[in-house]
Amino acid sequence: RKWVYTFGDGKAEGRAGDREHLGGKGANLAEMASLGLPVPPGLTIITDVCTYYYENGRTLPEAMKKEVLAGLKGMEEITGRGFGDTTNPLLLSVRSGARTSMPGMMDTVLNLGLNDETVEALGHNAGDARFAWDSYRRFIQMYGDVVMGLGHESFEEILEDEKARLGHDLDTDLSAVEWQHVVGLYKALIEEELGEPFPQDPLVQLWGAIGAVFASWMNPRAITYRHLHAIPAEWGTAVTVQAMVFGNLGSTSATGVAFTRNPSTGEKALYGEFLVNAQGEDVVAGIRTPQSITEAARIESGSDRPSLEKVMPEAFAEFRSICDKLESHYRDMQDLEFTIERGKLWMLQARSGKRTTKAAMKIAVDMAAEGLIGEEEAVMRIEPSSLDQLLHPTIDPRVERDVIGSGLPASPGAATGAIVFTAEEAVAAEEEGRKVILVRVETSPEDIHGMHAAEGILTTRGGMTSHAAVVARGMGIPCVAGAGSLRVDLRNEVLIGAGVTLGKGDIITIDGSTGQVLRGRVAMLQPELSGDFAQLMDWADRTRRMTVRTNADTPTDARAARSFGAEGIGLCRTEHMFFEGMRIQVMREMILAADEEGRRRALAKLLPMQRSDFTELFEIMHGLPVTIRLLDPPLHEFLPKTDEEIAEVADAMGLEPQLLRQRVDALHEFNPMLGHRGCRLAISYPEIAEMQARAIFEAAIEAARETGAAVVPEIMVPLVGLKSELDYVKAAIDRVAQEVMTEAGLQISYLVGTMIELPRAALRAHVIAEAAEFFSFGTNDLTQTTFGISRDDASSFITTYQRKGIIEHDPFISLDFDGVGELIRIAAERGRQTRPDMKLGICGEHGGDPASIHFCEGAGLDYVSCSPFRVPIARLSAAQAAI
Ligand code: PEP
Ligand code: MG
């Protein structure tokens, strides 16, 4: 078998499509090399070696080592240098590369191959001894940290002490001899701490670094990142070993990162940052604030530091043409890393660029207009759940802003919260339900938990490609980065800005779209869903087969859902209407009435309220289907609990509180979710169903008269397990329908259907379909009853199940295709055997989950119904499922 794939000099053994084995980085380096782009030669050790490594007590296969050595030979031939050669040494970088990028989560070793002899040769060849000793000390530091496990800080301490002793402020102030001295101190530290010397044999260094990069696949921050992004641990990482090129060889050298389009807005303009005389990590680490690549961007940012376009026009021109070439080759926006070594451009990485949802929309729509991709592909390019990002509020432009500072608009949207200065505080705040803004000088991968927990992120150092900016955009969290006019004083836990000093807990607002930092809370506006969003949604709507309805119980929900494009109501949970205002009181009277007569008295008071609820919903939906479900929850949910509440109800009913307490106790259930609820209520107390049916029909007639639209109410009976249950309730509904229509002198059409939310109903669907005119899958209860897991108690152990690998995802969030899904397929098929044209939908939470929507498409459902804010997600998911 083959463990190693080489690339370089216009050739490559791998291809872009083979990310699974080569990892994203290795695959794209191979592709760039085949395209004839300037890529330093190298080799990629495939992800299978990572699996081998963990299955074999953290060892590397011998056969792989042979292939690496053969690959090294090729690299030596291409570069004309020798690995370990003491006159013309080849130096290497060793980097991770998973199937999808996990920025900064794993380890890297640069300048590998340096030792006490090769360092002299490097200095001699570069004509720069200072550079060589600086490179050597960087290597020892990285190697000591990553491979030997000594920790970055002990090295930093030595360097800081030396700088203090020599009276230097900056690293760049150190001379060759001074760096050489630091190297000596570093080596002594290693020997003292570990009892073994820093390895001088380049091959020992190489195997050590390769092993360490594989080991970093299991470091805590990589594990956290994978958990957050649902990346399976089995994938493993590849390792790429590549010839070093240097961006820190003086003023004709540079290093940078760029996006072929703006990753925040999507605007079609080359966008990036670079540093002269610097090594790769310096740009992303945010230690020096980088310069713009293009003149246009420099002018826009108002910076007086020159652009790459200005300082290195030739390298810039070549880079720009490579950007165009790569973008049209991959037909997507690219995120590129490059280095210029003494005027010569080298490409170090290309990958599909991470972007905000807003940018993703614009890029997809623009690329379709440019003819690079088709409309369907544009629809496929947007991650449905990322639409959540668009729903972020922005600061109302009419309000006065108390600006205390500003930085780069690194990730859009505005957020308000209390200041915290550490990731741990952010996590603790989230657990207590407090909203916070994480304020840091800069962030690092260790902060990832806290970043996720915060409403927004503010840093005072670093650029648009700094860690904070990249991660926040990926998470869809607003971020202002590099706010240099603000100062964080960690010792005193304060943030100092234009004339103000704010402490931990003080409220600030950040505007990730303009970069402003404001004091206090400000009025926000909901986002505008037009332009590119509307265009893409239009394409999605034309593509999808399933319709998208909403779960809405109130006029507010219904209106919001309409504005998001809902095509009807798939579930109106009528019980929610009974909790409002005075209604709960009347509802309690009804439930606690001693007999049918008492119940009817209370129901008569509820009727006009229900009627007006429904009339309003019918009017808002203007002829679109509206599914109304009869009362479902166990009655105890409405019961008075405190003595005060009981006294109040007793008073209204003219009863002794004592007597009422007895009735409340009598209604107690041990397992209410499996108790007296759903259609069981309508069978025990048909008068409740009758009142609801009357309210629905009277409202439908009224709305039909008022709007002139045909209103076809769909009445849904919950928790049916037996056809006879549905028969009984349907008979009552039909009876009321006739009465109301006769009274009104107007005939309207209506449907009576049922929820399928019990396994028995799914299995007996062909029989139930004789009575039901439609089915709606209540997958919340269907999941609960299929698994026998209480939906209200699941959270206490589901996360443990996930952590222990018992289940992959929470079945209450994303449908369990194998079990619950099988019941849906059975019910759909059997239902349609009896009634071929019956409408099938889903109204459980899964109706707004992209993976579950895919499943529904496959099962042949007609519609999905979800909460209003998920309607755009469902429209897009349904389209993607149909493509
Ligand atoms: C369901 O069970 O999936 C459903 C939609 O009903 P509810 O969540 O109201 O029980
Ligand atoms: Mg239910």
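Nothing in this text is a laboratory measurement; each read-out follows from the coordinates by a stated rule. Not measured: the values here are computed from a predicted model. Note that each Cβ is placed from the backbone with ideal geometry, even for glycine, and that neighbours are counted across all protein chains shown.
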So, relative contact order of segment 490-558 in percent, Cα under 8 Å, 6 or more apart, is 14
Compute the distance in nm between two label points, each set 7 Å from the Cα along the Cα-to-Cβ direction, one at Ala594 and one at Leu607.
2.4
Glu567's amide H: which non-local residues (gap 5+, or another chain) put their own amide H closer than 5 Å, with H modeled 1.01 Å from N in plane and none for Pro or chain starts?
Val548, Arg549, Thr550
Between segment 236-307 and segment 379-397, what is the C-alpha centre distance in whole Å?
27
Determine the distance separating the Cα centre of segment 799-844 from the Cα centre of segment 495-550; give it in Å without decimals.
34
Name the residues whose placed amide hydrogens come within less than 5 Å of the amide hydrogen of Arg629, ignoring near sequence neighbours (fewer than 5 apart) on the same chain.
Cys572, Thr574, Met716
Please report Rg (one decimal) and Dmax (integer) in Å for the Cα set of segment 4-243.
18.3, 53
Compute the length gained on full extension between Ser749 and Ser530: take 0.36 nm times their separation in residues and subtract their Cα-Cα distance, giving the result in nm to one decimal.
75.2 nm
Fewest Cβ neighbours within 10 Å first, please rank Leu203, Leu823 accordingly.
Leu203, Leu823
Computed magnitude of the charge dipole of segment 539-635 (debye, nearest 20; Cβ of K, R +1, Cβ of D, E -1)
280
Using R₀ = 35 Å, calculate the FRET efficiency as 1/(1 + (r/R₀)^6) where r is the Cβ-Cβ separation of Ala188 and Leu228; round to 0.05.
0.30
Let me check I've understood the local charge: for Ile826, count other residues with C-beta under 12 angstrom from its C-beta, Lys and Arg +1, Asp and Glu -1. What total comes out?
+3
Stokes-Einstein at 25 °C, 0.890 mPa s, Kirkwood radius from Cα pairs: D for segment 254-355 in µm² s⁻¹?
182
Scoring only Lys, Arg, Asp and Glu (+1, +1, -1, -1) among other residues with Cβ under 13 Å from the Cβ of Asp447 yields -2
Taking a cut-off of 35 Å, what percent of all Cα-Cα pairs in the chain are separated by more than that?
60
What are the ³J(HN,Hα) values, in whole Hz, obtained from phi via the Karplus relation 6.51 cos²θ - 1.76 cosθ + 1.60 with θ = phi - 60°, for each residue of segment 257-269 in sequence order, with x given for Gly and Pro?
10, 8, 10, 6, 9, 5, x, 8, 10, x, 4, 7, 7
Under 17 Å from a label point 7 Å along Cα→Cβ of Lys325: give me every residue in segment 8-27 with its amide N that close.
8-12, 16
Helix-only estimate, please: 222 nm mean residue ellipticity of the chain, summing -39500 (n - 2.57) across DSSP H runs of length 4 or more and dividing by its residues, to the nearest 500.
-14000 deg cm²/dmol
Select from Gly57, Leu29, Leu69 the residue farthest towards the positive end of the dipole of segment 4-243; place +1 on Cβ of Lys and Arg, -1 on Cβ of Asp and Glu, and compute about the Cα centre.
Leu29
Just to verify a number: FRET efficiency for Asp304 and Ser154, C-beta to C-beta distance, R0 = 35 Å, to 0.05?
0.35
Can you tell me how much longer the chain between Asp489 and Arg735 gets when fully stretched, taken as 0.36 nm per residue apart minus their C-alpha distance, in nm with one decimal?
81.1 nm
Assign unit charges at the C-beta atoms only (+1 for Lys and Arg, -1 for Asp and Glu), then state the dipole size of segment 368-445 relative to its Cα centre in Debye, rounded to the nearest 20.
340
Charges on Cβ only, +1 for Lys and Arg, -1 for Asp and Glu, centred on the Cα centroid of the chain; of Thr289, Leu840, Thr6, which one is farthest towards the dipole's positive end?
Leu840
How do the peptides 661-670, 174-183 rank, highest first, by the average count of neighbouring beta carbon atoms within 10 Å per residue?
174-183, 661-670
If you stretched the chain out fully between Val403 and Leu69, how much longer would it get, using 0.36 nm times the residue separation minus the C-alpha to C-alpha distance?
114.4 nm
Could you list Tyr143, Tyr330 in order of exposure, starting from the residue whose Cβ has the fewest other Cβ atoms within 10 Å?
Tyr330, Tyr143
Which whole-number percent gives the relative contact order of the chain, counting Cα pairs below 8 Å spaced six or more residues apart?
8
From the backbone phi of segment 623-628, what are the Karplus-calculated ³J(HN,Hα) couplings (6.51 cos²θ - 1.76 cosθ + 1.60, θ = phi - 60°) in whole Hz, Gly and Pro given as x?
x, 6, x, 10, 9, 10
Given charges at Cβ of Lys, Arg, Asp, Glu: segment 186-338 dipole, positive-most of Ile231, Thr252, Pro199
Ile231
Can you give the % of DSSP beta bridges in the chain that are antiparallel, to the nearest 5?
65
Once Lys and Arg are counted +1 and Asp and Glu -1 for all other residues with Cβ under 14 Å from that of Lys66, the total becomes +2
Give the cross-link partners of Lys839 among the aspartates and glutamates, using a straight C-alpha distance below 18 Å as the criterion and excluding same-chain residues fewer than 8 apart.
Glu567, Glu714, Glu757, Glu770, Glu773, Glu829, Glu857, Asp862
Counting pairs of alpha carbon atoms under 8 Å apart in space and at least six apart in sequence, what relative contact order in percent does segment 635-766 give?
24
How far is it, in nm, from the label point at Ser352 to the one at His124 when both lie 7 Å from their Cα along the line to the Cβ?
4.9
Rounded to whole Å, sorted largest first: equivalent-ellipsoid semi-axes of segment 393-525, Cα gyration tensor:
18, 16, 15
Please give the charge dipole size of the chain, origin at the Cα centre, charges +1 on K and R Cβ atoms and -1 on D and E Cβ atoms. Round to the nearest 20 debye.
1520
Per-residue counts of other Cβ atoms within 10 Å, averaged by peptide: what ranking do you get for 291-302, 372-383, 158-169, 355-366, highest first?
355-366, 372-383, 291-302, 158-169
Under Karplus coefficients 6.51, -1.76 and 1.60, residue-wise ³J(HN,Hα) of segment 124-136 in Hz, glycine/proline x:
5, 5, 7, x, 7, 5, 4, 4, 5, 5, 5, 4, 5
